[in-house]
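To keep things clear, I will list the structure first and then write my remarks on it.
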Amino acid sequence: MLQLRFYLLTFSLILFYQPYTFSQGDRVALSLRKAEGEFQNGNWAEALKIYQRLAADRPDSVPAQVGMASSLVKLKDYPPAIVAFHRALKFSPNLSRVQGALADTYDKNRQPDEAIKWYQKAIKSFYGKAPLPWYISLGIIEAKQGNLEQARRYYTVA
């Protein structure tokens, strides 16, 4: 499920930034495709290297920042992943899928208060009904914190 969400996120970011990406040259587009392929094949360390090179060349590249963050999450290196997601959101603050991925990462890094904050932002900025896993994750976090009534509300919405 999370892998599917990453593919959808990456695909939508690439489509959204396609004119920007291809106007920067074929080398960048080719590198993005290569990094995506490495990620999809489970070669997260190699994908990370490519995304890091892209981010070094173009620090304002949202796809490079998100790809780098997603690779770091797969490698279970959460603190730098959080930093990379924040960098992406600095350039495009209303990307709800990136906000949701950041919330997931905070949750994995055992920072429940930050996870709750970012899930709520993602849900508010999402166009239409937000993804079910966000509500379930919120419910689990709230239940772990002893907020059973709030957890029930999230489960009901889900």
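The values are calculated or read from the model by the stated rules, or taken from the named source; none is laboratory data. Not measured: the values here are computed from a predicted model. Here the Cβ positions follow ideal geometry from the backbone for every residue, glycine too, while neighbour counts run over all protein chains shown.
Suppose the filter is surrounded by fewer than 19 Cβ atoms within 10 Å (Cβ to Cβ) and at pLDDT below 95; does residue 24 pass it?
The answer is yes for residue 24.
Testing residue 156 on (1) at pLDDT 95 or above; (2) assigned to a helix (DSSP H, G or I), one condition comes back false. Which one is that?
Status for residue 156: all satisfied but (1).
Can you name the number of the only condition in (1) in contact with a Lys or Arg (Cβ under 8 Å, 6 or more places away or on another chain); (2) outside the structural domain of residue 28 (by TED's automatic domain parsing); (3) closer than 30 Å to residue 28 by Cα that residue 64 fails?
(2)
For every residue, the table says whether it meets (1) hydrophobic (A, V, I, L, M, F, W, C); (2) modelled with pLDDT under 95; (3) touching a Ser or Thr at 6+ places or on another chain (Cβ under 9 Å).
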residue	(1), (2), (3)
42	no, no, no
66	yes, no, yes
71	no, no, no
106	no, no, no
129	no, yes, no
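If you go through segment 106-128 one residue at a time, do you hit one that is touching a residue at least 60 places away in the same chain (Cβ under 8 Å) and either under 14 Å from the mean Cα position of the chain (by Cα) or surrounded by 19 or more Cβ atoms within 10 Å (Cβ to Cβ) (or both)?
no
For segment 51-94, which residues satisfy the criterion of being surrounded by fewer than 23 Cβ atoms within 10 Å (Cβ to Cβ), more than 16 Å from residue 108 (Cβ to Cβ) and free of Cβ contacts under 8 Å to residues at least 24 places away in the same chain?
Once the filter is applied, which keeps residues that are surrounded by fewer than 23 Cβ atoms within 10 Å (Cβ to Cβ), more than 16 Å from residue 108 (Cβ to Cβ) and free of Cβ contacts under 8 Å to residues at least 24 places away in the same chain, segment 51-94 yields 52, 53, 56, 89, 90, 93.
Residues to consider are 48, 132; find the one that is within 17 Å of the chain's Cα centre (by Cα) and buried (at least 20 other Cβ atoms within 10 Å of the Cβ).
From the options 48, 132, the qualifying one is 48.
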